[in-house]
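Let me begin by presenting the structure, written as structure tokens, before commenting on it.
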Amino acid sequence: MAAATATTPERLPLHLDAVEPAPLRRPRVLLVGTALAAAGSITFFGALLAAYVALRAEHVAGGEAWLPDGVTIPLSPGNMGMITLVMSLVTVQWAVHAGKLRDRAHAYLALALTVLFGVAHVVQLVYLFTEWGLPLTDEVTVQAVLLYTVLGAHLAMVAAALVFIVLMLLRSLGGQLTGPDVEGLSAAALYWYVTVAIFAVIWYAILIVK
Amino acid sequence: MTVTETEAPAASGTPAAALEPPRPATGLAVVLGTGEHRTIGRLWVFTAFAYLLVAGVAGALVSVEKIDTSGLGDVLDADVFGQTYSLHAIAGTFLFLFPLFLGIATNVVPAQVGAPTVAFPRAAAAAYWTYLAAGGVLIASFLADGGPFGSDGEAVELFVAAFIAVLAALTLGAICVATTAIALRVPGMGLHRAPLFTWSSLVTAAVALLTLPVLAALMLLVYVDHRYGGDGGTFLAGSDGVYQRIAWAWMQPSVYLFAIPVLGIVGDIVPVAARTRLTKHRLAMGCIGAFGVFAFGAWAMPAISADAGAAAEVSAVGEVPFYAFSFLVLLPLLGLAGLLADTIRRGSVQLLGSLLWGIAALLMLLTGAANGALVSIEPLDLTATTAQSAQIHYVLLAAVLGLFAGLAHWAPRVLGGVLSEVPSKGLAALGLLGTILLCLPDLISGFLDQMWRLGGATDDVDAVEALNIASLVGGVLVVLVAVAFLGLVLQAALGDEADRDPWGGHTLEWADPAAPPAVTSEAPVYDDRHAAATTTEAQP
């Protein structure tokens, strides 16, 4: 068995010239990578929305209504989906804050609620798909292609963001992501913010304006 | 106050085997399970060369078919011509050029910024394996009568799905490289002091992040439309529409995306070969950044329209922004060329093979940009003629020559050995000759109204056919040069290990890892060996 003994004086003398400079802080790698991935996601959905707007404008310019006869986009599921995601913004930020304070219990609770809101959003959008009467199996229209592609791609983004959050939740359970450097939680939260922001644009441009 | 710390006793009863480190992987497991950035970089490089052979063969078939201007059917039927042409273009850009850049960058950028590895090494490995598998499926889809202009609906959809996966892999690889350049630089190395190749890699990745997801989004729309809207789709106008949704990516201005790394490579090689410093480092970075801005071209794609005629037109041609981008892109190129020429003038040049490749690349890139400016002038009516394909080939082959320059320069890091200098210099000269021979006749025949895809209504058939033969010879020469260069690469990879720094390099990747240089001066991070002779600045 090895033993080490150290003596600490009552008062430390101030030798400022001997103080090591604070280590330089690099940008946080996971946060930077996530920001770049989020930028790629924004570009992706920007292109999808541009295609939607271009084809819709062409269609409407011909004097026709955009949505085919018999097709309506009910407001309630989309609005509830938006409200659910806005609520999740609070919980995901709560998780980051709790992580910084090393308050694990609240971090777990906040992350679990975020996941719950995310799943609820997916359920609401799937319900919307069953309600709007837009077939994707026969007599497929350009409207069906665009709506299912844009909203389906966003559902995939929500799923990916949820996987990211669950992964960070598991790492938090392992004790890795608390303290001042809650980089993983911050990165997952950043991607979630971008996911919600993109849905806000989709919600307004497609589900409200139609 | 006295504090006594006592080391905890080792847990008794622990099996000895549990304390042993895991056995290092051997054989194929080293490659398949690697997260080591140098190995991943090599995998990108060698796989890219394998896909280049596919692109080269397809390109040769297209060139042979083009000789006879009366129509199709000499070698390729009309329905196969479009598929072969698009295979040549897609494999050449997305399966060869961009992956080759990623291979070099994954290997070199971490070393240039003093990082032990690339950011997210497992993601970088995942990007490579996705690219390998999806690239194979993409080529297989062409064999199954898929791809753009394909007549088998399911094979067309297989192509689109594989292409989306390739784009996702390239985007992920670009994110790893960009994150390394942003977040893993050694303390003291601000971004303004990063080596030019690192900077150009960051610019390339940034422009790729603005371009590749747009292409992926369009492909997703194409997939859903083709899958559920029938072979004709609801707005695609059949598999021809698939080609229209992709082709903008290798047309002006997006085509310059593939050439951005060339500027950084040449910018790093010239000061080493000239044995002096590049004095205007920040200006050179500005030139590369400006070139990147002009390489963003998603806005100039054909209209997304349910009207097949409108969808086939590049509506940006003739518009002010298109003119501006086409001409302004020349400025950063000329600026950087001037800086490098000044460096060569001030220095004592050693004629390295990498320098010759680099100069050839820069010359061809300048020529391609000038060609692009010509094509953008609407009254000349050069759009969709062989003058436009000449411009694309100039730029893409400049990118090939530049990436070969990078491989020749960083061979000790990327391949483990050095390329034989004499054959490398000869191949650089032949590569330049082949590029000119391939592109210049096409530029001239474009003025004679030769269309680039389906023959044409030219008035001077004999002249155009002679030019097409010259272009074919140039194409064959380029393919032979590429194959011979691959031989040199393999020789270097399998040969003796090279010295750590055979060229007297200036940047961190050449430094001895046991003694990294202090980074305290305002100058770019250079090894100090050449500093005393070229500057009067006090060095640490």
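Taking the residues in region A:37-70 that are β-branched (Val, Ile, Thr) and more than 8 Å from chain B (Cβ to nearest Cβ) as candidates, determine which candidate is surrounded by the fewest Cβ atoms within 10 Å (Cβ to Cβ).
Looking at the filtered set, the residue picked out is A:Val60.
Based on what the data block shows, is B:Pro441 touching a residue at least 24 places away in the same chain (Cβ under 8 Å), touching a Pro at 6+ places or on another chain (Cβ under 9 Å) and surrounded by 21 or more Cβ atoms within 10 Å (Cβ to Cβ)?
In short, no.
Against the conditions (1) assigned by TED's automatic domain parsing to the domain that holds B:Ala178; (2) not in a loop (DSSP other than H, G, I, E, B), where does B:Gly233 fall short? Just the number, please.
(2)
Just the residues that are more than 8 Å from chain A (Cβ to nearest Cβ) and closer than 18 Å to A:Glu58 by Cβ, please, taken from region B:202-232.
Scanning region B:202-232 gives B:Val222, B:Gly232.
Being outside any loop (DSSP other than H, G, I, E, B) and out of contact with any Phe, Trp or Tyr (no Cβ under 7 Å at 6 or more places or on another chain) narrows it down to one residue among A:Leu55, A:Leu36, A:Leu85; which is it?
A:Leu36
Which residues, counting only those in region A:139-167, are farther than 19 Å from B:Ala306 by Cα and not hydrophobic (A, V, I, L, M, F, W, C)?
Correct list: A:Gly152, A:His154.
Working carefully through the options B:Pro321, B:Pro302, find the one that is at negative phi and surrounded by fewer than 16 Cβ atoms within 10 Å (Cβ to Cβ).
B:Pro321
Of B:Ala384, B:Ala484, which residue is among the small types (Gly, Ala, Ser), surrounded by fewer than 21 Cβ atoms within 10 Å (Cβ to Cβ) and more than 20 Å from the chain's Cα centre (by Cα)?
The unique qualifying residue is B:Ala384.
Any residue at all in region B:71-90 that is surrounded by fewer than 17 Cβ atoms within 10 Å (Cβ to Cβ) and touching a Gly at 6+ places or on another chain (Cβ under 7 Å)?
yes
Residue under question is B:Val45, and the condition is that it be part of a helix (DSSP H, G or I), out of contact with any helix residue (DSSP H, G or I) (no Cβ under 6 Å at 6 or more places or on another chain), at pLDDT 85 or above and among the hydrophobic types (A, V, I, L, M, F, W, C); does it hold?
Taking the combined requirement at face value, the residue does not satisfy it.
Filter region B:344-355 for residues that are in a helix (DSSP H, G or I) and either within 18 Å of B:Phe291 (Cβ to Cβ) or touching an Asp or Glu at 6+ places or on another chain (Cβ under 8 Å) (or both) and give the result.
Result: B:Gly353, single match.
Does region B:183-190 contain any residue that is within 21 Å of the chain's Cα centre (by Cα), in contact (Cβ under 8 Å) with a residue 40 or more places away in the chain, assigned to a helix (DSSP H, G or I) and closer than 30 Å to B:Ala411 by Cβ?
Taking every residue of region B:183-190 in turn, none turns out to be within 21 Å of the chain's Cα centre (by Cα), in contact (Cβ under 8 Å) with a residue 40 or more places away in the chain, assigned to a helix (DSSP H, G or I) and closer than 30 Å to B:Ala411 by Cβ.
Regarding region A:104-120, can at least one residue be identified that is within 14 Å of another protein chain (Cβ to nearest Cβ) and buried (at least 16 other Cβ atoms within 10 Å of the Cβ)?
Within region A:104-120, none of the residues are within 14 Å of another protein chain (Cβ to nearest Cβ) and buried (at least 16 other Cβ atoms within 10 Å of the Cβ).
Name the residues in region A:121-154 that are hydroxyl-bearing (Ser, Thr, Tyr), more than 9 Å from chain B (Cβ to nearest Cβ) and touching a residue at least 24 places away in the same chain (Cβ under 8 Å), would you?
Result: A:Tyr127, single match.
Of (1) touching a Gly at 6+ places or on another chain (Cβ under 9 Å); (2) surrounded by fewer than 24 Cβ atoms within 10 Å (Cβ to Cβ); (3) hydrophobic (A, V, I, L, M, F, W, C); (4) at pLDDT below 95, B:Ala206 satisfies all except one. Which?
Only one criterion is unmet by B:Ala206, namely (4).
Within the bounds of region B:114-128, is there any residue that is within 14 Å of chain A (Cβ to nearest Cβ), surrounded by 24 or more Cβ atoms within 10 Å (Cβ to Cβ), touching a Phe, Trp or Tyr at 6+ places or on another chain (Cβ under 8 Å) and within 23 Å of B:Glu509 (Cα to Cα)?
Taking every residue of region B:114-128 in turn, none turns out to be within 14 Å of chain A (Cβ to nearest Cβ), surrounded by 24 or more Cβ atoms within 10 Å (Cβ to Cβ), touching a Phe, Trp or Tyr at 6+ places or on another chain (Cβ under 8 Å) and within 23 Å of B:Glu509 (Cα to Cα).
Tell me, yes or no, whether region B:307-321 has at least one residue that is within 14 Å of another protein chain (Cβ to nearest Cβ) and either modelled with pLDDT of 90 or more or within 20 Å of the chain's Cα centre (by Cα) (or both).
There is no residue in region B:307-321 that is within 14 Å of another protein chain (Cβ to nearest Cβ) and either modelled with pLDDT of 90 or more or within 20 Å of the chain's Cα centre (by Cα) (or both).
Checking B:Trp199 against (1) more than 10 Å from every other protein chain (Cβ to nearest Cβ); (2) touching a residue at least 60 places away in the same chain (Cβ under 8 Å); (3) surrounded by fewer than 23 Cβ atoms within 10 Å (Cβ to Cβ), which test does it fail?
(3)
The values are calculated or read from the model by the stated rules, or taken from the named source; none is laboratory data. Note that the coordinates shown come from a computational prediction; the quantities given were computed from them, not determined experimentally. Note that each Cβ is placed from the backbone with ideal geometry, even for glycine, and that neighbours are counted across all protein chains shown.
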